Amino acid sequence: MSLDTKFRPTSYGEVLGQDATVRVLKQYVQSGRGFHQSYLFSGLHGGGKTTLARILARALLCQNPVEGSPCDQCSSCQAMLGTGSTDSFVEVDAATNSGKSDIKKIVDDLQYSTFSGNKRVYLFDESHQLSREALDAMLKPMEDTEENSEDKRLICIFCTTEPEKMRQTVISRCAPTFRIQEVPPKEMAQRLGEVCSEEG
């Protein structure tokens, strides 16, 4: 296993240099407003967008979140930690699944409840590559709410290195954009030291 995979953070506490973002994400889950909007993470390649998005998805779908973080003990957390995806969480590479037909399948799937009865969360990596038609197909489900609830029917987590290419109509349905900050060299050096020690 490569070192970047082996040491990829699986909890908020392991994420470096994004304290403000982590604090806000936890508040959304803790307050019960986690499903009231979609999310957009932007920043440089390798900055931690997808890592944070996966942790957020786990927290949103967690059966017993702990202060806004995933418990990592429930069946949903265990399944996502084990296989990376479940019937409630789907990760989509927008670079290769960017068309309207790809998104239509997702929208069609919303008509049916998941096997577990949980909500669904979709993570779109490189989301700026989604076609205009694909984004248009998502707009109404992202705006529609569940019956007798403020929770949205479609929750998306968009990760992009080029947020300026995302449509404003999509951004307006998301929480304020989370911009991933560069990690201070001192924090990076400390983490690399820990990795070196562990690897001998």
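For segment 146-189, the set of residues classified as under 22 Å from G46 (Cα atoms), charged (D, E, K, R) and loosely packed, with under 13 Cβ neighbours inside 10 Å consists of E162, E164, K165, E182, K186, E187, listed by residue number. Selection within segment 75-97: residues that are touching a Phe, Trp or Tyr at 6+ places or on another chain (Cβ under 6 Å) and part of a strand (DSSP E or B). The member of this set that is surrounded by the most Cβ atoms within 10 Å (Cβ to Cβ) is V92. Taking segment 144-180 as the range and being assigned to a loop (DSSP other than H, G, I, E, B), in contact with a helix residue (DSSP H, G or I) (Cβ under 8 Å, 6 or more places away or on another chain) and not charged (D, E, K, R) as the test, the residues that pass are L154, T161, M166, A175, T177, I180.
When segment 19-37 is limited to residues that are aliphatic (A, V, I, L, M) and exposed (fewer than 15 other Cβ atoms within 10 Å of the Cβ), the one that is farthest from the chain's Cα centre (by Cα) turns out to be A20.
Figure legend. Inter-residue proximity from segment 154-178: first residues farther than 20 Å from L61 by Cβ, second residues open to solvent by less than 50 Å² (accessible area, probe 1.4 Å) and in a loop (DSSP other than H, G, I, E, B), beta-carbon distance below 8 Å, spacing 6+ or different chains. Indicated pairs: T160/E126; T160/M166; T161/G43; T161/E126; P163/T177; I171/T177. Within segment 43-53, being under 13 Å from the mean Cα position of the chain (by Cα) and either farther than 20 Å from F158 by Cα or surrounded by fewer than 23 Cβ atoms within 10 Å (Cβ to Cβ) (or both) holds for G48, T50, T51. The condition of being open to solvent by less than 20 Å² (accessible area, probe 1.4 Å), of a type in the set (A, V, I, L, M) and at negative phi holds for only one of L16, L3, L40, that being L40.
The values are calculated or read from the model by the stated rules, or taken from the named source; none is laboratory data. Quick caveat: nothing in here was measured; it's all calculated off a predicted structure. With ideal geometry, Cβ positions are generated from the backbone for all residues, glycine too; neighbour counts draw on all protein chains shown. Areas reflect the complete protein model, heavy atoms only, side chains present, ligands, DNA and RNA absent. Shrake-Rupley method; radii C 1.70, N 1.55, O 1.52, S 1.80 Å.
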